[in-house]
Amino acid sequence: MSFKRLDPEDFVVSSDSVTATLWSTGAPTLTQFFTSSVQEAGSSGDFYLAVYQTSSTLTSATPQFEIAYADSLGSGSTYYNSIVPGKSPTLSVYGQYRSLILEDENATFTFGSSTNTLTATHFWVLSVDRAQYKENLFPGSLNLKLSGSNGIINLTDDSKDNPVNQFLGSSRYYQLISGSNGTAGSLANNGYVANSGSYGLVFPDLGTILLNPDAISQSIHVNSLRNPNTPDNNPRILYNAINLGASFGLNSEETITSDYIFVRARNSEFNYSENPSFISGSTGEVIYDNFINHPQVYATTIGMYNDSNELLAVAKLSRPLLKDFTKESLVRVKLDF
């Protein structure tokens with residue numbers, strides 16, 4: 001075993017973006033959607049509806065995303081206490097996402113930009129299950145089809161039309177527009193709805209999509225209900241539109257950071273071994289004369305140690321590397337984290 005201190009120029013840091021399918025089916029587009037009657041009827045059903053890739057009764061069933069409905073007035077769900085109006089699950093959901101995204105309990109959501117905006121007092125939430133994506137949703141891969149009594153609409157983010165990052169609070173976002181693969185289908189209105197702003201907001205780093213009920217209602221007549229102190233089950237209304245559309249395409253994205261370490265063995269280095277076959281156990285002398293002036297060794301492993309001589313990482317060579325005084329070696333070690 002031999003040691004050599006690495007120099008700063010021996011280290012190179014590289015970052016690569018890796019995309020992958022998001023759904024448990026392994027396909028980029030989810031075409032079948034299932035819910036659980038047990039979950040919907042349970043205590044969590046007042047707040048969200050879980051959507052699976054297969055029947056919830058099968059062991060392979062995994063939540064793919066959840067649908068919730070938020071209302072600043074607390075409409076569309078039953079009050080926690082009938083004598084305290086407005087305090088309901090829909091108000092709690094609204095407050096949750098206002099705190100998470102806007103980071104200000106007095107702020108409001110706005111769908112759209114420029115002269116076509118809508119201040120949102122209610123919205124649907126599509127929250128992709130955290131286990132399904134690695135780091136964030138891949139911008140430009142969102143293709144969601146909704147079906148209503150007035151037809152079908154295809155929704156995507158506007159990441160290709162507006163590639164400059166925008167932020168609400170500390171969260172990166174894109175507008176949800178009509179179109180596909182990050183581009184508006186109609187350049188006339190940038191994929192927005194007249195007087196209703198965009199179809200919602202996409203937050204790739206949060207795995208969250210907010211949908212604008214007013215724009216969706218105006219386009220395909222899928223209408224949310226806002227009755228006070230009433231279980232309107234708005235998550236089920238959006239689920240039906242998604243289920244009838246039968247197409248939800250989305251990928252995940254992950255940044256892999258790698259450290260490349262270049263280990264150099266010059267011609268005069270690492271030519272001897274501490275293997276007992278080199279040295280006599282009784283005298284400590286080199287057994288064979290040709291091991292003195294013409295040694296040959298085979299390197300198989302590189303260990304990374306800190307200044308306390310603690311082994312931190314091990315790199316195995318793909319094959320033994322012959323080393324003698326006539327050869328120099330350069331080995332690139334890649335550390336992913």
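The values are calculated or read from the model by the stated rules, or taken from the named source; none is laboratory data. What you are looking at is a predicted structure, and each value in this text was computed from that prediction instead of being measured. Positions of Cβ are generated from backbone atoms using ideal geometry, with glycine treated the same way; all protein chains shown enter the neighbour counts. Just so you know, the surface numbers come from the protein's heavy atoms only, side chains and all, with ligands and any DNA or RNA stripped out. Shrake-Rupley method; radii C 1.70, N 1.55, O 1.52, S 1.80 Å.
What are the residue pairs meeting all of these: first residue in the range 284-295, first residue closer than 10 Å to residue 272 by Cα, second residue open to solvent by 80 Å² or more (accessible area, probe 1.4 Å), Cβ atoms under 7 Å, and 6 or more apart or on different chains?
From the range 284-295, the pairs are 295/272.
Being more than 21 Å from residue 180 (Cα to Cα) and modelled with pLDDT of 95 or more narrows it down to one residue among 259, 232; which is it?
Only one candidate passes the filter, namely 232.
Name the single residue that is most open to solvent (accessible area, probe 1.4 Å) among those in the range 267-293 being within 20 Å of residue 3 (Cα to Cα) and acidic (Asp, Glu).
Among those that are within 20 Å of residue 3 (Cα to Cα) and acidic (Asp, Glu), it is 274.
Assess whether residue 169 counts as being modelled with pLDDT under 95, at positive phi and either surrounded by 23 or more Cβ atoms within 10 Å (Cβ to Cβ) or touching a helix residue (DSSP H, G or I) at 6+ places or on another chain (Cβ under 8 Å) (or both).
yes
Of (1) surrounded by fewer than 16 Cβ atoms within 10 Å (Cβ to Cβ); (2) farther than 24 Å from residue 146 by Cβ, residue 31 satisfies all except one. Which?
Only one criterion is unmet by residue 31, namely (2).
Does residue 79 count as modelled with pLDDT of 95 or more, in contact with a helix residue (DSSP H, G or I) (Cβ under 8 Å, 6 or more places away or on another chain), surrounded by 17 or more Cβ atoms within 10 Å (Cβ to Cβ) and farther than 23 Å from residue 252 by Cβ? Give the derivation first.
Numbers: modelled with pLDDT of 95 or more: yes; in contact with a helix residue (DSSP H, G or I) (Cβ under 8 Å, 6 or more places away or on another chain): no; surrounded by 17 or more Cβ atoms within 10 Å (Cβ to Cβ): yes; farther than 23 Å from residue 252 by Cβ: yes.
So residue 79 does not fit the description; no.
Please specify each residue of the range 35-57 satisfying the condition of being in a strand (DSSP E or B), open to solvent by 20 Å² or more (accessible area, probe 1.4 Å) and either of a type in the set (Asp, Glu) or more than 20 Å from residue 251 (Cα to Cα) (or both).
Result: 35, 48.
Residue under question is residue 223, and the condition is that it be assigned to a loop (DSSP other than H, G, I, E, B), open to solvent by 60 Å² or more (accessible area, probe 1.4 Å) and free of Cβ contacts under 8 Å to residues at least 40 places away in the same chain; does it hold?
For residue 223, the condition - assigned to a loop (DSSP other than H, G, I, E, B), open to solvent by 60 Å² or more (accessible area, probe 1.4 Å) and free of Cβ contacts under 8 Å to residues at least 40 places away in the same chain - is met.
Looking at (1) in contact with an Asp or Glu (Cβ under 8 Å, 6 or more places away or on another chain); (2) open to solvent by 30 Å² or more (accessible area, probe 1.4 Å); (3) of a type outside the set (Phe, Trp, Tyr), find the lone condition where residue 122 falls short.
Against the list (1) in contact with an Asp or Glu (Cβ under 8 Å, 6 or more places away or on another chain); (2) open to solvent by 30 Å² or more (accessible area, probe 1.4 Å); (3) of a type outside the set (Phe, Trp, Tyr), residue 122 comes up short only on (2).
Looking at the structure I just gave you, is residue 145 out of contact with any helix residue (DSSP H, G or I) (no Cβ under 8 Å at 6 or more places or on another chain) and among the charged types (D, E, K, R)?
When the stated conditions are applied, residue 145 does not pass them.
Consider residue 182 against the criteria (1) at positive phi; (2) among the small types (Gly, Ala, Ser); (3) in contact with a helix residue (DSSP H, G or I) (Cβ under 9 Å, 6 or more places away or on another chain): it satisfies all of them except one. Which criterion is unmet?
Of (1) at positive phi; (2) among the small types (Gly, Ala, Ser); (3) in contact with a helix residue (DSSP H, G or I) (Cβ under 9 Å, 6 or more places away or on another chain), only one is false for residue 182: (3).
Which numbered condition trips up residue 105, out of (1) over 24 Å from residue 195 (Cα atoms); (2) without any contact (Cβ under 8 Å) to a residue 12 or more places away in the chain; (3) open to solvent by less than 70 Å² (accessible area, probe 1.4 Å)?
(3) is the only condition that residue 105 fails.
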